[in-house]
Structures are given as C-alpha cells and as structure tokens.
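Structure record follows, encoded as structure tokens.
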Amino acid sequence: MTFTLNAPVLEGALVRLEPLGHQHAADLETAAQQDRATYAFTWVPETGEVGAYIDTQLDKAATGRLAPYAQVSLATGRAVGATAYWEPRSWLTDDALDAVEVGFTWLARSAQGTGVNAEAKLLLFRHAFEVWGVSRVDLKTDARNQRSRAAIEKAGARFEGVLRNWSRSSVPGEEGRLRDSAIYSITSAEWPRCRERLESRVRSAAVSPVPTPRR
C-alpha cells in the first residue's frame with residue numbers, strides 16, 4: 001500500500017481550507033484580479049485561466065501526490081486564495097507518511113496581512129504532524145522571492161539551502177526555464193514551538209482591525 005494524499009476540511013477562527021473545486025472558481029477569479037504585485041514569483045492564474053488552473057490541480061490530485069485547497073475567509077465566506085499538500089514521502093513503510101511539502105500557496109492582496117496565511121499554515125502543519133505523524137514538513141519558494149522567504153521564516157521554518165535548477169519558473173517571461181528553489185523545513189521536534197508561535201499570531205490577528213484592502 002502507498003500513502004495517498006487527501007484534503008480533509010480544516011477550519012480555524014479565520015479561515016476554512018476546503019478541497020479545491022470548480023465551485024471556488026468565481027471567488028478565485030476575483031481574488032486573482034486584485035493587485036498582483038506580490039505574485040511576481042508565484043503561479044497565480046490570470047483572468048480567464050482559473051478554470052484551467054483548477055483542472056490542472058485536480059489532475060495532479062488524481063495521482064495522489066497533491067491535495068489542493070481553496071482558502072475560504074470566514075469573515076466573508078469567499079475563497080481568497082489556494083494552497084496544497086504536495087509530494088508525500090514514505091521512507092519507513094509504504095502506508096505511513098514521513099514527510100510532505102506545503103506549497104502552491106497564494107492569497108488575494110486583500111487577505112494578506114490578515115492572519116489568514118498564518119492560520120492556514122497552522123492548520124496544515126498541525127494536521128501533518130498530529131494526524132499523519134510526519135517527521136518533517138517542507139516549504140520551497142523561488143530563491144529570488146524575498147517576500148515569500150520572509151513569510152516562511154516568520155512561520156517558524158528553518159532554511160536548509162538552495163536547490164539549483166530545481167523546478168519550473170513561474171515568472172512571466174521565463175517560460176521553459178528552471179528556477180533555483182530555497183528550501184525550508186519544520187521537523188517534528190520543532191513543531192511544538194512553531195505551533196505556539198503560529199497560535200500567538202492567529203490570536204493577535206483575530207482581535208486586530210482588518211487592514212484596508214489595496215486595489
């Protein structure tokens with residue numbers, strides 16, 4: 001037996017992670033059209049591409065190697081971005097998960113800085129460590145993406161190095177080129193401290209005024 005990723009609904013105080021589907025397309029189309037300045041290194045669908053984006057993620061999900069989510073804001077009831085579990089690895093036995101990556105993450109500009117990302121990471125990490133019993137969670141980003149790297153470090157992950165020519169570039173104009181990826185991780189020993197850190201951030205965000213969205 002080989003471990004197959006699944007996407008159970010995960011809900012917190014600010015965000016609900018729902019298995020990605022075409023019911024989220026209209027909301028994600030709206031979310032992706034907001035200020036795109038923060039998407040320079042990230043795969044975020046352009047106007048009219050959301051349906052194909054969802055199909056691509058669902059095709060990958062059918063292989064058992066991806067569990068894609070829509071990030072639904074509990075304040076509005078609308079999908080404001082996406083994220084996923086990716087690349088399950090079983091080293092000790094085929095039917096238990098030892099490591100998994102969290103990736104394919106993006107958020108509408110209006111949802112950034114609201115605590116949604118911190119709580120989404122909390123929910124994903126907690127399920128991976130406390131339900132699946134993984135030994136590590138990976139996070140990777142374009143090595144040039146300083147904004148994403150800062151967010152990953154703020155979530156409590158440790159930088160491990162740069163993997164050269166590791167994956168396809170998502171930068172417009174770099175189609176067909178490979179990127180260097182900065183890799184980070186959280187281990188099971190580090191998880192309790194990371195959990196406390198994320199829980200504190202979510203509590204603070206839950207009582208703070210919501211920032212005015214930038215258009």
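The values are calculated or read from the model by the stated rules, or taken from the named source; none is laboratory data. What you are looking at is a predicted structure, and each value in this text was computed from that prediction instead of being measured. Glycine gets a Cβ as well: all are built from the backbone with ideal geometry, and neighbour counts include every protein chain shown. Each accessible area value is taken on the protein alone, full model and side chains, heavy atoms only, with ligands, DNA and RNA left out. Shrake-Rupley method; radii C 1.70, N 1.55, O 1.52, S 1.80 Å.
Does GLY77 satisfy the criteria of being over 25 Å from LEU178 (Cβ atoms), free of Cβ contacts under 8 Å to residues at least 40 places away in the same chain, small (Gly, Ala, Ser) and open to solvent by 10 Å² or more (accessible area, probe 1.4 Å)? Break it down into steps so the answer makes sense when it comes.
Details: over 25 Å from LEU178 (Cβ atoms): yes; free of Cβ contacts under 8 Å to residues at least 40 places away in the same chain: yes; small (Gly, Ala, Ser): yes; open to solvent by 10 Å² or more (accessible area, probe 1.4 Å): yes.
It is true that GLY77 is over 25 Å from LEU178 (Cβ atoms), free of Cβ contacts under 8 Å to residues at least 40 places away in the same chain, small (Gly, Ala, Ser) and open to solvent by 10 Å² or more (accessible area, probe 1.4 Å).
Please report, ordered by residue number, the strands (runs of 3 or more DSSP E) entirely within the range 52-169 with at least 2 residues that are hydrophobic (A, V, I, L, M, F, W, C), touching a Leu at 6+ places or on another chain (Cβ under 7 Å) and modelled with pLDDT of 95 or more. Walk me through how you get there before you give the answer.
Details: elements: 66-73, 79-89, 99-107, 136-142, 158-168.
Once the strands (runs of 3 or more DSSP E) in the range 52-169 are filtered for at least 2 residues that are hydrophobic (A, V, I, L, M, F, W, C), touching a Leu at 6+ places or on another chain (Cβ under 7 Å) and modelled with pLDDT of 95 or more, what remains is 66-73, 79-89.
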Near pairs, Cβ below 7 angstrom, 6+ apart or cross-chain, from the range 15-33 (of a type in the set (D, E, K, R)) to any residue that is open to solvent by less than 40 Å² (accessible area, probe 1.4 Å): ARG16/VAL72; GLU18/TYR69; GLU18/ALA70; GLU18/VAL72; ASP27/ALA79; GLU29/VAL50
Output for the range 4-17, where each listed residue is at pLDDT below 90 and open to solvent by 40 Å² or more (accessible area, probe 1.4 Å): THR4, ASN6
Tally, over the range 27-40, of residues that are open to solvent by 50 Å² or more (accessible area, probe 1.4 Å) and in a helix (DSSP H, G or I): 2
Among (1) more than 24 Å from LEU178 (Cβ to Cβ); (2) open to solvent by 40 Å² or more (accessible area, probe 1.4 Å); (3) not in a strand (DSSP E or B) - the single one HIS24 does not satisfy: (2)
The range 162-178, residues that are under 15 Å from GLY103 (Cβ atoms) and touching a Phe, Trp or Tyr at 6+ places or on another chain (Cβ under 7 Å): SER170
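Can you confirm whether the range 182-189 contains a residue that is in a loop (DSSP other than H, G, I, E, B), hydrophobic (A, V, I, L, M, F, W, C) and open to solvent by 50 Å² or more (accessible area, probe 1.4 Å)? Spell out how you get there, then give the answer.
Looking only at the range 182-189, we keep the residues that are in a loop (DSSP other than H, G, I, E, B), and these are 188-189.
Okay, now just the ones that are also hydrophobic (A, V, I, L, M, F, W, C), so 189.
Filter once more, keeping what is open to solvent by 50 Å² or more (accessible area, probe 1.4 Å): 189.
Within the range 182-189, one or more residues are in a loop (DSSP other than H, G, I, E, B), hydrophobic (A, V, I, L, M, F, W, C) and open to solvent by 50 Å² or more (accessible area, probe 1.4 Å).
Can you tell me which residue among TRP43, TRP86, TRP91 is within 16 Å of ALA120 (Cβ to Cβ), touching a strand residue (DSSP E or B) at 6+ places or on another chain (Cβ under 8 Å), among the aromatic types (Phe, Trp, Tyr) and open to solvent by 10 Å² or more (accessible area, probe 1.4 Å)? Lay out the reasoning, then the answer.
Numbers: TRP43 fails: within 16 Å of ALA120 (Cβ to Cβ); TRP91 fails: within 16 Å of ALA120 (Cβ to Cβ).
Of TRP43, TRP86, TRP91, the one residue that is within 16 Å of ALA120 (Cβ to Cβ), touching a strand residue (DSSP E or B) at 6+ places or on another chain (Cβ under 8 Å), among the aromatic types (Phe, Trp, Tyr) and open to solvent by 10 Å² or more (accessible area, probe 1.4 Å) is TRP86.
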Residues located in the range 39-89, provided they are among the polar types (S, T, N, Q) and under 15 Å from the mean Cα position of the chain (by Cα): THR42, GLN57, GLN71, SER73, THR83
Index of the failed condition, ALA120 passing every other in (1) in contact (Cβ under 8 Å) with a residue 60 or more places away in the chain; (2) of a type in the set (Gly, Ala, Ser); (3) more than 25 Å from VAL44 (Cα to Cα): (3)
